[in-house]
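The structure under discussion appears below in the form of structure tokens.
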Amino acid sequence: MRTALVTANVFQNALANRDAYWPYYAELLRRLAAQPITWYMTSFDYALALTFWSISKLGSRLAGDPACQEAYQDMLRRVRVCPIDEDIVEGANKYHINFCDALRVACARDRFVDCIVTWEPHQFARSREEHNQVQLNECFTFPIRVEDGESGEMIYLEIDIFSVRAFLLNLQQNELQERRRWRSRRSQRFYLEDFSLHTGTTHAAAITLRDLTGRSLQGNATGNTPIDALQKAIDQAVDQQVEIPTRYLSRWFVPPATLFGADAPIEVVIGVECAGSSYEAGASHSNVLQAAAEAYIQVINRICSDFSHFPDVS
């Protein structure tokens, strides 16, 4: 679960009764409250948010608006209050921004939150580059130099500063990417989890695959070559779950490429004949044999996708 610190002006804008767009601000509060986020506020921001609502009830036309009141109070109930102590104040003095925002950064660092959500991200910017990022994207990354408690070395933490709109957009984009990864993952029936290969007079391969349910499938085989042993071990593991006709390795090759260093990734392409059709897939890895194993598994996944009528092994 992500964590975020929210500033008081996110609440204040929802009560801006002179702004024709106040229903939009209230809707944003509802959307923020609906996210699977652990929310924090500084103690002074929390007090301000409470004061804003108290004052608005006295003279604002929003005082009688139940939708606005519900959104405001629901979000306020979800925050955890961060008290301001001497350590927070001392930490705030390290940041060259206005003192209130520096306190917010210090609290964010103290709670190790992922980001700060505010209507004024530009107030946190310290350089021209950060201001440009705010102008372009309504967000930027705020680096914080801290001492590692174990090693004593100085390291950098990063807190993302978002406008409300940019924060919600970022969550939406992350969700879409996750859905794409999941759809892609659903089309891949088998994954390589682990393998070992022993070469000599004979070549022996041990393979562990995972299927979509998380089930572990093992295969052990010997072959005339390392690739032959890998293919047979993978086939043995796959055959435990699905009945695929006999497949034949028709070719494997490494496309010409310039390698930059001994640990550079190497692409291996595997060609297979199965049920009267030809299949080909490639994979890259610094270990050429692992690349070959992963490429062959991709071929198996394509065969399974094309021939969904192959029965599962009970």
Practice prompt. Considering only the stretch 105-143, state which residues are without any contact (Cβ under 8 Å) to a residue 24 or more places away in the chain and of a type in the set (S, T, N, Q).
Written response: Ser127, Asn132, Gln133, Gln135, Thr141
Practice prompt. Take the stretch 76-113 and flag every residue that is open to solvent by less than 60 Å² (accessible area, probe 1.4 Å) and either over 25 Å from Thr141 (Cα atoms) or acidic (Asp, Glu) (or both).
Written response: Leu76, Asp101
Worksheet item: Got a number for residues in the stretch 216-231 being small (Gly, Ala, Ser) and open to solvent by 30 Å² or more (accessible area, probe 1.4 Å)?
Response: 1
Worksheet, complete the sentence: Exception for Ile116 within (1) within 19 Å of Ser163 (Cβ to Cβ); (2) at pLDDT below 95; (3) open to solvent by less than 10 Å² (accessible area, probe 1.4 Å) falls at (2)
Practice prompt. Might you check whether a residue that is surrounded by fewer than 17 Cβ atoms within 10 Å (Cβ to Cβ) and among the small types (Gly, Ala, Ser) occurs anywhere in the stretch 232-242?
Written response: no
Discussion item. Is it the case, given these coordinates, that Asp312 is open to solvent by 20 Å² or more (accessible area, probe 1.4 Å) and at pLDDT below 90?
Written reply: yes
Worksheet item: Among all residue pairs at least 6 apart or on different chains, which show Cβ distances below 7 Å where the first residue, located in the stretch 148-175, is closer than 20 Å to Gln135 by Cα and open to solvent by less than 50 Å² (accessible area, probe 1.4 Å) and the second is modelled with pLDDT under 85 and not in a helix (DSSP H, G or I)?
Response: Ile159/Ile144
Worksheet item: Conditions: (1) over 22 Å from Arg210 (Cα atoms); (2) part of a helix (DSSP H, G or I); (3) hydrophobic (A, V, I, L, M, F, W, C). Ala292 meets all but one. Number of the miss?
Response: (1)
Worksheet item: Any idea which residue in the stretch 246-297 is surrounded by the fewest Cβ atoms within 10 Å (Cβ to Cβ), counting only those that are in contact with a helix residue (DSSP H, G or I) (Cβ under 8 Å, 6 or more places away or on another chain) and in contact (Cβ under 8 Å) with a residue 60 or more places away in the chain?
Response: Leu289
Fill in: Within the stretch 30-48, considering residues that are modelled with pLDDT under 90 and not hydrophobic (A, V, I, L, M, F, W, C), the one surrounded by the fewest Cβ atoms within 10 Å (Cβ to Cβ)
Pro36
Worksheet item: Regarding Thr51, is this residue within 29 Å of the chain's Cα centre (by Cα) and either surrounded by 15 or more Cβ atoms within 10 Å (Cβ to Cβ) or of a type in the set (Val, Ile, Thr) (or both)?
Response: no
Item to complete: Please give the strands (runs of 3 or more DSSP E) falling wholly within the stretch 182-288 in which 2 or more residues are of a type in the set (Ser, Thr, Tyr).
Response: 190-198, 216-223, 247-253, 277-285
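The values are calculated or read from the model by the stated rules, or taken from the named source; none is laboratory data. Quick caveat, the model's predicted, so the values are computed rather than measured. We place every Cβ from the backbone using ideal geometry, glycine too, and count neighbours over all the protein chains shown. Side chains included, ligands, DNA and RNA excluded: accessible areas come from the protein's heavy atoms. Shrake-Rupley method; radii C 1.70, N 1.55, O 1.52, S 1.80 Å.
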